[in-house]
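The structure appears right after this line, and notes come after that.
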Amino acid sequence: MSSRLDFLSSFTIETLVVKPGRKTYVVKPEDLRSVFSKMIEVLGDSSFYVSTIIGTDLKDEGRIRLDYYVVILPEEETIVLRTFIPRDNPSIDSLIDLIPGVLPGECETHDLLGVVFKGNPFLKRGFFVPSDIVEQGKYPLRKDSGV
Amino acid sequence: MGISKIIEVPLALELPVGPQHPALHEPVLLKAYADGEEIVKVEINTGYNHRGIEKLCEKNSFYRDIFIVARVCGICNLVHADCYVRAVEHILGMEISNRAKYLRVLAMELERLHSHMLINAVMAENIGFENLFMNIMLDREKIMKAKEILTGNRVLSDYVMVGGVRRDIDGVKKEKIKDIVLKTEERIKYYKKVFEEDTTILKRLVDVGKVSASDVVKHSLVGPVARASGVKIDSRSSDKYDAYGEIPFNVITRSEGDSWARMMVRWDEALESIKIALHILDHLPSDANPVPDEKKLPRKIPAGEAYTRVEAQRGELTYYVMSDGKLPNPYRVKIRTPSFNNIISSGFMYVGYTIADLPVILTSLDPCISCMERVTIVDIDKNVSYRLPFKELAKGI
């Protein structure tokens with residue numbers, strides 16, 4: 001498995017582990033698209049899927065953390081691609097044209113945290129959030145949203 | 001007499017499917033566009049049932065969250081609680097007894113069993129087999145009883161707790177559950193045969209909503225939907241959580257990729273669940289008390305993060321739990337349910353099939369829907385257009 005993912009080392013700033021034993025590769029936000037393009041090139045587009053996109057508001061650090069949980073097939077090993085974007089301008093390139101399966105994750109993260117996935121035409125407020133919260137312009141999972 | 005009104009029936013008929021449906025979970029709107037009978041596009045609108053559970057988890061303690069996450073979904077409450085609790089146990093570095101692990105698996109497999117029976121019953125009802133629906137539901141009720149014997153409740157059991165489970169099981173209960181499971185096995189084999197052999201069921205389900213293995217992976221579809229297209233993914237066999245590493249079972253896959261294959265995967269998985277349940281009842285370890293003393297559980301959760309997966313009835317369910325080590329509440333809880341992927345990403349599956357196939361495809365993914373229909377009326381005199389249900393149109397304008 002590790003040899004198939006060797007290409008990640010050229011993009012990785014830091015490696016961590018999320019319990020239980022999920023290898024985590026921290027990458028720059030501007031490299032994220034390249035990482036997934038390379039992953040498709042090396043593994044093929046039917047050899048992995050993006051299981052979850054998790055956005056976390058790190059208010060004290062002034063950043064939003066984005067974790068892409070990727071399941072590599074056929075071993076079904078879960079790895080994490082982690083990146084950080086500024087809280088006052090939370091935008092990152094969308095992966096929707098490369099991987100259609102990111103649609104629910106990107107739409108949800110946009111609606112709940114206000115992250116803009118550049119190039120995703122399906123982003124909209126109210127995907128999950130009730131209309132009264134949308135009208136107030138609040139993103140519920142921001143720590144200072146007051147929701 | 002001059003023409004005063006024109007009835008304009010659009011080439012692509014807009015057909016809202018949902019969002020209200022009392023029979024099953026997940027109110028969702030499928031806005032289907034049909035050219036004649038053929039579906040050309042489906043938009044999926046969500047947000048009718050968002051209760052802000054993740055935010056609620058951030059506002060409550062780690063221990064109270066066990067009860068909150070169990071209420072995300074009634075029919076799979078145990079897997080939610082198990083997945084969350086295991087994440088907390090990973091952060092705590094806690095190891096639980098083998099007996100507790102086996103009991104958790106037994107409870108989850110009983111849940112899988114009744115859930116698979118339910119959706120197959122709903123499929124039977126949707127394609128006009130009401131009697132079959134009633135019969136499957138009658139047998140499903142017995143499994144609910146077995147679950148009640150084990151956990152104390154038919155549906156919301158709150159069985160899993162940090163460090164183990166809430167109730168142990170004795171020899172009498174074991175025998176009762178075994179008896180129910182063995183009787184149900186015969187019934188499931190019969191229902192499987194009906195789904196395999198009945199001409200009408202085959203005509204409605206076979207070759208409807210076909211998905212290739214490649215599309216499954218690209219769209220992140222999980223669970224029986226993926227396995228019915230030949231994609232062998234199952235968190236039970238890959239993550240080997242709880243006691244799944246020690247219990248023999250098969251991951252069921254099929255190659256057809258249609259609605260029928262998805263239902264057949266569920267029947268075969270129900271039979272596997274029975275095998276697992278019987279194995280546990282015969283090989284239940286007695287290494288330690290599976291019920292921990294609540295007073296001795298750690299009050300402070302250290303800083304850390306954990307990401308756990310569980311194979312819920314509908315597919316891979318994941319929980320991410322993060323503790324900052326300062327607050328009694330989690331800093332972040334992220335839940336990704338299997339239906340989140342399977343339903344929102346499923347728009348492409350309906351294209352090219354007929355309106356009558358839409359409920360079949362949607363049910364084969366595991367929710368349920370109701371339909372209503374409309375056309376546009378253009379009033380030339382008043383120069384306005386408005387919409388009217390077909391029912392009203394039938395009464396005359």
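The values are calculated or read from the model by the stated rules, or taken from the named source; none is laboratory data. Predicted model, so just to flag it, every value in this text is computed and none were measured. Methodologically, a virtual Cβ is constructed for each residue, glycine included, from the backbone with ideal geometry; neighbour enumeration extends over all protein chains shown.
For B:Thr363, the requirement of being modelled with pLDDT of 65 or more and among the β-branched types (Val, Ile, Thr) is met. Taking region B:24-102 and the helices (runs of 4 or more DSSP H) fully enclosed by it, the elements with 2 or more residues that are within 14 Å of chain A (Cβ to nearest Cβ) are at B:53-58, B:77-92. Quick check: is even one residue across region B:340-351 touching a Phe, Trp or Tyr at 6+ places or on another chain (Cβ under 9 Å), modelled with pLDDT of 85 or more and under 28 Å from A:Glu106 (Cα atoms)? Yes. Of all residues in region B:253-300, those satisfying the criterion of being over 17 Å from the mean Cα position of the chain (by Cα) and either among the basic types (Lys, Arg) or not assigned by TED's automatic domain parsing to the domain that holds B:Asp168 (or both) are B:Arg254, B:Lys275, B:Lys295, B:Lys296, B:Arg299, B:Lys300.
For B:Glu256, the conditions (1) under 29 Å from A:Glu106 (Cα atoms); (2) away from chain A (no Cβ under 14 Å); (3) part of a loop (DSSP other than H, G, I, E, B) all hold with the exception of (1). On the given criteria, is B:Glu272 away from every other protein chain (no Cβ under 14 Å), farther than 19 Å from B:Ile96 by Cα and surrounded by fewer than 24 Cβ atoms within 10 Å (Cβ to Cβ)? So B:Glu272 fits the description; yes.
Can you say whether A:Gly101 is at the interface with another protein chain (Cβ under 10 Å from one of its Cβ atoms) and touching a residue at least 40 places away in the same chain (Cβ under 8 Å), as far as the supplied structure shows? Judged against the criteria, A:Gly101 is a match.
Residue by residue, here is whether (1) among the β-branched types (Val, Ile, Thr); (2) closer than 27 Å to B:Asn135 by Cβ; (3) free of Cβ contacts under 8 Å to residues at least 60 places away in the same chain holds:
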| site | (1), (2), (3) |
| --- | --- |
| B:Ile169 | yes, no, no |
| B:Val181 | yes, yes, no |
| B:Ser214 | no, no, yes |
| B:Leu221 | no, no, no |
| B:Gly245 | no, no, yes |
| B:Val251 | yes, no, yes |
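Quick check on this structure: which one of B:Ile177, B:Ile252 is surrounded by 15 or more Cβ atoms within 10 Å (Cβ to Cβ) and closer than 18 Å to B:Lys145 by Cα? Exactly one of B:Ile177, B:Ile252 is surrounded by 15 or more Cβ atoms within 10 Å (Cβ to Cβ) and closer than 18 Å to B:Lys145 by Cα, namely B:Ile177. Restricted to region A:14-68, and to residues there that are in a loop (DSSP other than H, G, I, E, B) and away from every other protein chain (no Cβ under 11 Å), the residue that is nearest to A:Pro140 (Cα to Cα) is A:Gly62. Annotation note: of B:Ala121, B:Ala100, B:Ala32, the sole residue that is touching a helix residue (DSSP H, G or I) at 6+ places or on another chain (Cβ under 7 Å) and either closer than 30 Å to B:Leu278 by Cα or modelled with pLDDT of 95 or more (or both) is B:Ala121. Filtering region B:338-352 to residues that are under 12 Å from A:Pro100 (Cα atoms) and without any contact (Cβ under 8 Å) to a residue 24 or more places away in the chain leaves nothing. Here A:Thr83 clears all of (1) within 15 Å of the chain's Cα centre (by Cα); (2) among the polar types (S, T, N, Q); (3) within 11 Å of chain B (Cβ to nearest Cβ) except the condition numbered (3). Answer with yes or no whether B:Ala70 is among the hydrophobic types (A, V, I, L, M, F, W, C), in the same structural domain as B:Val208 (by TED's automatic domain parsing) and buried (at least 24 other Cβ atoms within 10 Å of the Cβ). Here the answer is no, as B:Ala70 does not meet what is asked.
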